[in-house]
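K.L.:
Quick one: the structure is below, questions incoming.
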Number of protein chains: 2
Amino acid sequence: MNHFLDQLRAIVGDAHVLWDGDLTQWEQDWRRRVRGKALAVVRPANVEEVAATVRCCLAAGHSIVPQGGNTGLAEGSTPDASGSQVVLSLTRLNAVRNIDTANLTMTVEAGCVLQTVQEAAASSGLLFPLSLAAEGSCTIGGNLATNAGGTQVLRYGNARELCLGLEVVTPDGRIWRGTSGLRKDNTGYALRDLMIGSEGTLGIITAATLKLYPQPAARLSAWVSVPSMEQAVALLSAARTHLGEGLTAFEFMDAQSLQLVQHHMPQLRVPLDQEPSPYSVLLEHSDSESETHARMLFESLLESALDNAWITNAAIAESLAQSRAMWHVREHIPLAQAQEGPSLKHDISVEISKMPAFVAHTGEQLAAAYPDVRLVNFGHLGDGNLHYNVQAPAGMDAKTFAPLEDGISDLVYAAVLHFGGSFSAEHGIGGLKRGVLATHKSAVELDMMRAIKAALDPHHLLNPGRVLPDAAS
Amino acid sequence: MNHFLDQLRAIVGDAHVLWDGDLTQWEQDWRRRVRGKALAVVRPANVEEVAATVRCCLAAGHSIVPQGGNTGLAEGSTPDASGSQVVLSLTRLNAVRNIDTANLTMTVEAGCVLQTVQEAAASSGLLFPLSLAAEGSCTIGGNLATNAGGTQVLRYGNARELCLGLEVVTPDGRIWRGTSGLRKDNTGYALRDLMIGSEGTLGIITAATLKLYPQPAARLSAWVSVPSMEQAVALLSAARTHLGEGLTAFEFMDAQSLQLVQHHMPQLRVPLDQEPSPYSVLLEHSDSESETHARMLFESLLESALDNAWITNAAIAESLAQSRAMWHVREHIPLAQAQEGPSLKHDISVEISKMPAFVAHTGEQLAAAYPDVRLVNFGHLGDGNLHYNVQAPAGMDAKTFAPLEDGISDLVYAAVLHFGGSFSAEHGIGGLKRGVLATHKSAVELDMMRAIKAALDPHHLLNPGRVLPDAAS
């Protein structure tokens, strides 16, 4: 064992092999639901050290858990309880290698914090649009490994669609130098897209070339009250036609979500709260011309929506501060849920046309089977993606709620399957959802995934036991 | 042999197993450069028949060449010369299964002709934006199998980015029913993206769910004269900022391209031909508001471009007919090349910021080594993609030009590699570019591709000898 640690120290330096002391930040998942035990945490400084670490672990037979900001919600970036896995932290690979304004691309290392990437793009007058709650802590490598989503997917796509090239260390410790900024390259299989979203089970992403966009001339937000899910879907269709690609966010919140925010964060003002509505939508419009033009388009959309009774009330932010205040309300729903007590998260998607039927059906089933639980339903409706969360009955503690959790999730996932949806729209599988994957995916898909894993990582070196239900660990 | 053909007839019916008579349309590639010999052409009617055909061929040990419209430019959809391969034609799977206007998706079978797909979307008031020269003959299955590009990639992406779900028959004859219209689904590896662009070597695409877009309120074209490649790149940057996502095409043409059109198609009028320019660009702007708004934005962009001397002249189409006439000129370049005599096509891409240096460098090298050949350079500059074609010296016949071809292509591809570009931006590898793939891809990438091929198609049943340099045939 000491020999193995010495080998790792020879690769990354003494200071970057951690094995005694408090390793909580690397061993415990973000939501504090599971805690593993690492043999060591290794922090290489560059891609060559990552590759050497992989070869060293392969030779010694110790599997590797790649880790970025460790902010994932699916328990995919922490070690198991065996004490024999190596956590390979990418956080020291944090250089912005290049920003190419004419090509609208930037190349960054995996350990760059997402917010740093956004800021580096902005400092060149450009936009990197990936944006999500953990952006101050998560890393771009983790975002790509999990194909992160967030609030701008409607217009700009998931992490996969924002990436043009990757540098990857393979499970046999070789380096694939693929950080190209080409928009078109049909020379073989889509290895880049396969690595993205594979959650560190097929390769370790060490750098990426990302797409950038011109900064819009104006970004404007509006908050509207919507009487029903059907009307929300009608509003979405109209907004897409009316605003074209200007529509950059369409965030949905039910009344329960907003009540929790109002209750736990009284300093935040929920817009239009004089006349509570069953549902609210926060729209964002990014305009390449001007704020005046943005406002004109928004006003004509919302007037038409009022005329058609798709919405019952609307407020367009009059200032950046008002716009930020609207977004704060949306962003504080998860925290308000945490303060309210135990809850169960379901990150689901269904086709938008099926959303009203899904919400009606699942709501009825939940109410019948678990009359006291409270549905907290919000999310990226523009992408067909809801955080269909279930809050424990008022006053119930976690211990009492825990035995109900599997039954509730089974009910929700059965409904998702019935409507042809996804049980993990943007959070991935990790360790948390392997069981759901095993029961919800077709055998032919599972077999293809297993064959690819075995082909690229025959020794199950990288993140074993994650994503695939029965990978050796 | 007769027993095998009887088995195929039992699956698809007597009329749909073709083996004698003239099989030219299935055996010869689109550019008439290679001709193979099929054991039989099988035309199943549905996915079950495709799966049964695959199982039958697997049992009999006859490999399969999947084929759509057979319009590919890389010799990937015709059989080899052995006479032992089965051509599996998808053209009878041509139903539009579903159009979902609220979800902005449609599900179509692989054999649908691209133009039929576009028209079906338009008849529901929506846009399917994939558009390319062969759209009247190519099929959507082939477009996806080759990750087709075309003129709208700048705004809407390649075929891969326009596809949300696939139905695929695997090399062991099972059916993966994955035609989902979800925008977000992080439940495992990106099998869809892997199948797309794999050119029929990993699975047979039988149906797909495609993204649709609202029809723009107006589409406007403009033709501009550009003094240099540097100015073209500056114009592109300005157009992206100024028009935002309204910029849907940015097509580049050199003077030689337009002279060939003028010479061979005198009935077509090349815009702005009173003052010939080294380069011309055809821009398209799609506007979600109105034609007036589109024209206003275009005019202000082009005024600013004139002020900055990025362009020397400009014409905005005044009518749909004028716009069509501009596009006809662009679209007739390949035909004009064919009428002029033998030529060599290179479908290359480099990062846009490197384009001026690439064009200068490669042009000099070509002129020095092959002083009499004529460069015909045009294409999708907005994507960094040029059809960097080389026309034989005036009057030279194909037989005399042929011995020069390898040397010219070697020179062009060496330059592409030097500038970090791609030797096949949108046409794929097929049989034509396997050799270039072998010398231009890194060993680590080739090994990953081979491992995936062996894992998913261990018997090399599907399109063997295509894409990968040394697959068994």
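K.L.:
Could you grab the relative contact order for the range B:216-291? Cα pairs under 8 Å, six or more apart, rounded to a whole percent.
P.N.:
This gives 60 percent for the range B:216-291.
K.L.:
Once the label point is set 7 Å along the Cα-to-beta-carbon vector, what list of distances in nm do you get between A:D307 and its counterparts in the other copies?
P.N.:
With the label placed 7 Å along Cα→Cβ, A:D307 yields 3.6 nm.
K.L.:
Using only Cα atoms, find the angle between the long axis of helix B:229-243 and the longest principal axis of chain B, and express it within 0 to 90 degrees, rounded to the nearest 10.
P.N.:
Taking the Cα atoms of chain B, the angle to B:229-243 is about 80 degrees.
K.L.:
On to the next question. At A:D14, with labels set 7 Å past Cα in the Cβ direction, how many nm apart are the copies from this one, shortest first?
P.N.:
Ordered by distance, the counterparts are at 8.7 nm.
K.L.:
Something else: Between copies, how far apart are the B:H328 label points? List them in nm, one decimal, shortest first, with each point 7 Å from Cα toward Cβ, please?
P.N.:
Copy-to-copy label distances at B:H328, shortest first: 6.1 nm.
K.L.:
Right, another one. Considering only protein heavy atoms, what per residue accessible area in square angstrom results for the protein assembly as shown with a 1.4 angstrom probe?
P.N.:
35
K.L.:
For the range A:203-227 and the range B:1-75, what is the centre-to-centre distance using only Cα atoms, to the nearest Å?
P.N.:
Cα centres, the range A:203-227 to the range B:1-75: 46 Å.
K.L.:
Same structure again: For A:V113, what charge total do you get from the other residues with a beta carbon under 10 Å from its beta carbon, if Lys and Arg give +1 and Asp and Glu give -1?
P.N.:
Taking every Cβ under 10 Å from that of A:V113, the sum is -2.
K.L.:
Can you list residues from other chains, or at least 5 along the same chain, whose modelled amide H is less than 5 Å from the amide H of B:A40?
P.N.:
Amide H neighbours of B:A40, under 5 Å, 5+ apart: B:V87.
K.L.:
Counting pairs of alpha carbon atoms under 8 Å apart in space and at least six apart in sequence, what relative contact order in percent does the range A:1-115 give?
P.N.:
That works out to 26 percent.
K.L.:
Tally up the carbon and sulfur contribution to the accessible surface of the range B:245-369 as a whole percent, 1.4 Å probe, everything protein left in place.
P.N.:
Carbon with sulfur: 52 percent of the solvent-accessible area.
K.L.:
State, in square angstrom and to the nearest 100, the accessible area buried between chains B and A, both chains counted, probe radius 1.4 Å.
P.N.:
6600
K.L.:
Can you show me the helix-derived [θ] at 222 nm for chain A, built from DSSP H runs with n ≥ 4 at -39,500 (n - 2.57) apiece and divided by the number of residues, rounded to the nearest 500.
P.N.:
-11000 deg cm²/dmol
K.L.:
For A:A122 paired with A:A360, estimate the spin-label separation in nm (one decimal), with each label point 7 Å from Cα along the Cα-to-Cβ line.
P.N.:
4.3
K.L.:
Would you mind checking which residues have amide H under 5 Å from A:T248's amide H? H placed 1.01 Å from N; only 5 or more apart, or other chain.
P.N.:
Counting only residues 5 or more places away or on other chains, the set is A:E284, A:H285, A:S286.
K.L.:
So, one more: Set the bar at 22 Å for Cα to Cα. Now go through A:K433/B:K211; B:K433/B:K453; A:K37/B:K184 and name every pair that lies beyond it.
P.N.:
A:K433/B:K211; A:K37/B:K184
K.L.:
With Cβ to Cβ distances under 12 Å as the rule, what net charge do the other residues near A:G395 carry (K, R +1; D, E -1)?
P.N.:
Once positives and negatives cancel, what remains is -2.
K.L.:
Residue-wise, which Karplus ³J(HN,Hα) couplings in Hz belong to the range A:195-207, taking 6.51 cos²θ - 1.76 cosθ + 1.60, θ = phi - 60°, and x for glycine or proline?
P.N.:
5, 5, x, 8, 6, x, 9, 10, x, 10, 6, 10, 7
K.L.:
Moving on. Among residues other than A:T91 whose Cβ falls under 11 Å from its Cβ, what is the net charge (Lys/Arg +1, Asp/Glu -1)?
P.N.:
Value of the local net charge: +1.
K.L.:
Here is a follow-up. Given Cα pairs under 8 Å that are at least 6 residues apart, what percent is the relative contact order of chain B?
P.N.:
About 15 percent, as a whole number.
The values are calculated or read from the model by the stated rules, or taken from the named source; none is laboratory data. From a predicted model like this one, the values you see are computed outputs, not experimental measurements. Glycine also receives a Cβ, built like all others from the backbone with ideal geometry; neighbour counts cover every protein chain displayed. What goes into the accessible areas is simple: the full protein's heavy atoms, side chains included, and nothing from ligands, DNA or RNA. Shrake-Rupley method; radii C 1.70, N 1.55, O 1.52, S 1.80 Å.
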